[in-house]
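As structure tokens, the structure follows; a few thoughts come after it.
The values are calculated or read from the model by the stated rules, or taken from the named source; none is laboratory data. Given the structure is predicted, the values throughout are model-derived calculations rather than measurements. Virtual Cβ from ideal backbone geometry, glycine too; neighbours counted across all protein chains shown.
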Amino acid sequence: MVLALFDFDGVVVDSETQYAIFWGQIGEEYFGNPDFAMQIKGQTLDHILGNNFPPEDVPSIVQRLNDFELTMHYDYIPGFLPFFEDLKAHDVKTAVVTSSNQQKMDAAYRYQPALRTMFDRILTAEMFTRSKPDPDCYLLGMDLFGATKEETYVFEDSLNGLRAAQASGAHVVGLSTTFPASEVAPFANVLIPDFCEFSYEKMLQVK
């Protein structure tokens, strides 16, 4: 078996720049912290809210986020679709492993309906208890498919996600779509800017 596990934002779709705007505004409003958006990337919404905001402020932030997500675009990262088709042609099992919740994914499905069925599984934040950088989500992905870490390739862009992937023991492909390549490289077995020059055969060479 070969298993490919994909983070969603910044890996499958080009949405991280949009989230940076939203959480950047929230960070400025609440903490005067322009780096807040980068610091929380890869964490579940429950983790972000529970660890940073008083309970009385949570409902309004959630409502603002829900409204924002309805306006977002979910365009594929360059080269993703050809690479994904290459994987399917070689019978690779695929799953999204995202810190996003089901409501957010429903917004993405409205923009890209094919997302709902193109992967073998879609794992959302409701399915695991510990947020990235804990490897819980990727270990769950391996367990659901009965795959070993040697058979698994994880695609990540955020530093928290890369740490989770690395801790899972899987082969890690880092994308420099969100963070500078120099920050991604230490946590990845291979670094790519997007999927345009990547392939199934190149993936198998990642060690």
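Sort through Gly42, Gly24 and tell me the only one that's in contact (Cβ under 8 Å) with a residue 40 or more places away in the chain, outside the structural domain of Val96 (by TED's automatic domain parsing) and under 27 Å from Pro180 (Cα atoms). Working first, answer last.
Details: Gly24 fails: in contact (Cβ under 8 Å) with a residue 40 or more places away in the chain.
Only one candidate qualifies: Gly42.
Could you tell me whether the stretch 97-120 includes any residue that is among the small types (Gly, Ala, Ser) and over 16 Å from the mean Cα position of the chain (by Cα)? Please lay out each step first, then the result.
To start, the set of residues in the stretch 97-120 that are among the small types (Gly, Ala, Ser) comprises 99-100, 107-108, 114.
After this cut, where a residue has to be over 16 Å from the mean Cα position of the chain (by Cα) as well, the list is 114.
The answer is yes; a qualifying residue exists.
Of the residues that sit in the stretch 1-22 and are surrounded by fewer than 20 Cβ atoms within 10 Å (Cβ to Cβ) and hydrophobic (A, V, I, L, M, F, W, C), which one is nearest to Lys41 (Cα to Cα)?
Ala20
Determine which member of the set Ala170, Ala164 is crowded, with 17+ Cβ neighbours inside 10 Å, touching a Phe, Trp or Tyr at 6+ places or on another chain (Cβ under 9 Å), modelled with pLDDT of 95 or more and over 23 Å from Met38 (Cα atoms).
Working: Ala164 fails: over 23 Å from Met38 (Cα atoms).
That would be Ala170, the only listed residue that is crowded, with 17+ Cβ neighbours inside 10 Å, touching a Phe, Trp or Tyr at 6+ places or on another chain (Cβ under 9 Å), modelled with pLDDT of 95 or more and over 23 Å from Met38 (Cα atoms).
Among the residues of the stretch 124-143, count how many are surrounded by fewer than 17 Cβ atoms within 10 Å (Cβ to Cβ) and β-branched (Val, Ile, Thr).
Qualifying residue count for the region: 1.
Only one of Phe119, Phe145, Phe155 is under 25 Å from Leu70 (Cβ atoms) and of a type in the set (Phe, Trp, Tyr). Can you tell me which? Spell out the reasoning first.
Values: Phe145 fails: under 25 Å from Leu70 (Cβ atoms); Phe155 fails: under 25 Å from Leu70 (Cβ atoms).
Being under 25 Å from Leu70 (Cβ atoms) and of a type in the set (Phe, Trp, Tyr) holds for just one of Phe119, Phe145, Phe155, which is Phe119.
Which of the following residues is of a type in the set (D, E, K, R) and within 18 Å of Asp136 (Cα to Cα): Arg110, Arg121, Arg116?
Selected residue: Arg121, the only one of Arg110, Arg121, Arg116 that is of a type in the set (D, E, K, R) and within 18 Å of Asp136 (Cα to Cα).
For the stretch 114-207, list the helices (runs of 4 or more DSSP H) that sit wholly inside it and hold at least 2 residues that are in contact with a Ser or Thr (Cβ under 6 Å, 6 or more places away or on another chain); which are they?
Values: elements: 115-118, 136-145, 159-168, 181-184, 200-204.
In the stretch 114-207, 136-145 are the helices (runs of 4 or more DSSP H) which contain 2 or more residues that are in contact with a Ser or Thr (Cβ under 6 Å, 6 or more places away or on another chain).
Only one of (1) modelled with pLDDT of 95 or more; (2) in a loop (DSSP other than H, G, I, E, B); (3) surrounded by fewer than 19 Cβ atoms within 10 Å (Cβ to Cβ) fails for Leu81. Which number is that?
For Leu81, the failing item is (2).
Taking Arg121 as the residue in question, decide whether it is touching a helix residue (DSSP H, G or I) at 6+ places or on another chain (Cβ under 7 Å), of a type in the set (D, E, K, R) and surrounded by fewer than 18 Cβ atoms within 10 Å (Cβ to Cβ). Give the derivation first.
Details: touching a helix residue (DSSP H, G or I) at 6+ places or on another chain (Cβ under 7 Å): yes; of a type in the set (D, E, K, R): yes; surrounded by fewer than 18 Cβ atoms within 10 Å (Cβ to Cβ): yes.
Spelling it out, Arg121 is indeed touching a helix residue (DSSP H, G or I) at 6+ places or on another chain (Cβ under 7 Å), of a type in the set (D, E, K, R) and surrounded by fewer than 18 Cβ atoms within 10 Å (Cβ to Cβ).
Applying the selection to the stretch 4-19, what residues are aliphatic (A, V, I, L, M) and in a loop (DSSP other than H, G, I, E, B)?
Let us first name the residues in the stretch 4-19 that are aliphatic (A, V, I, L, M), namely 4-5, 11-13.
Across the stretch 4-19, the qualifying residues are Val11, Val12.
I need the full set of residues from the stretch 45-92 which are charged (D, E, K, R), in contact with a strand residue (DSSP E or B) (Cβ under 9 Å, 6 or more places away or on another chain) and without any contact (Cβ under 8 Å) to a residue 60 or more places away in the chain, in order please. Lay out the reasoning, then the answer.
If we filter the stretch 45-92 for residues that are charged (D, E, K, R), which is where we start, we get 46, 56-57, 64, 67, 69, 75, 85-86, 88, 91.
Still in the running and in contact with a strand residue (DSSP E or B) (Cβ under 9 Å, 6 or more places away or on another chain): 75, 88.
Lys88 - this is the single residue of the stretch 45-92 that is charged (D, E, K, R), in contact with a strand residue (DSSP E or B) (Cβ under 9 Å, 6 or more places away or on another chain) and without any contact (Cβ under 8 Å) to a residue 60 or more places away in the chain.
Looking at Ala37, Ala95, which one is assigned by TED's automatic domain parsing to the domain that holds Thr148, small (Gly, Ala, Ser), modelled with pLDDT of 90 or more and surrounded by 19 or more Cβ atoms within 10 Å (Cβ to Cβ)? Please lay out each step first, then the result.
Numbers: Ala37 fails: assigned by TED's automatic domain parsing to the domain that holds Thr148.
Among Ala37, Ala95, only Ala95 is assigned by TED's automatic domain parsing to the domain that holds Thr148, small (Gly, Ala, Ser), modelled with pLDDT of 90 or more and surrounded by 19 or more Cβ atoms within 10 Å (Cβ to Cβ).
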